[in-house]
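**Q** I am attaching a structure below and will ask some questions about it afterwards.
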Amino acid sequence: MAEEADTPQIQLKTVGFDARFPNTNQAKNCWQNYVDYFKCVKAKGEDFPPCLQFKRTYRTLCPAPWTDKWDEQREEGVFPALYEKKDDGNGHH
């Protein structure tokens, strides 16, 4: 019995209902939470609790191949939702 008491309990939780995404297809919810996470991190930092919630949600909802692709696009500066045009020094983008 003592062995069972030492075993850590794992709690699994699902993502809560979001009224913005009432349908069973959660692709848009996945996308929006991914985007919101990186916007939040840029504005508030990685340790800001709402940012962590966006991360937990997108990691739960999004297939890894999608986020892997989006991560690559972010690294290359071509991810469409977070793309910032750079000024060429002449006031042009």
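Read the figures in this text as sums done on the coordinates, not as results from a lab. Here the structure is a predicted model, which is why all the values come from computation and not from measurement. Glycine also receives a Cβ, built like all others from the backbone with ideal geometry; neighbour counts cover every protein chain displayed.
**Q** For every other residue with a beta carbon closer than 15 angstrom to the beta carbon of residue 40, add +1 if it is Lys or Arg and -1 if Asp or Glu, then tell me the sum. Present the calculation step by step, with values, prior to reporting the outcome.
**A** Working: positive: 39, 42, 44, 55, 56, 59, 74; negative: 36, 46, 47.
Surrounding charge for residue 40 is +4.
**Q** What number comes out for the charge environment of residue 54, summing +1 per Lys or Arg and -1 per Asp or Glu over other residues with Cβ under 9 Å away? Don't skip to the answer; put the middle values down first.
**A** On the way: positive: 39, 55, 56; negative: 36.
Residues close to residue 54 contribute a combined charge of +2.
**Q** Residue by residue, what Karplus-based ³J(HN,Hα) values in Hz, rounded to whole numbers, does the stretch 56-62 have, using 6.51, -1.76 and 1.60 with θ = phi - 60° and x for Gly and Pro?
**A** Rounded to whole hertz, the list is 4, 5, 5, 5, 7, 8, 8.
**Q** Excluding residue 66 itself, calculate the net charge of residues whose Cβ lies under 13 Å from the Cβ of residue 66, where each Lys or Arg counts +1 and each Asp or Glu counts -1.
**A** Numbers: positive: 28, 59, 69, 74; negative: 68, 71, 72.
Net charge around residue 66: +1.
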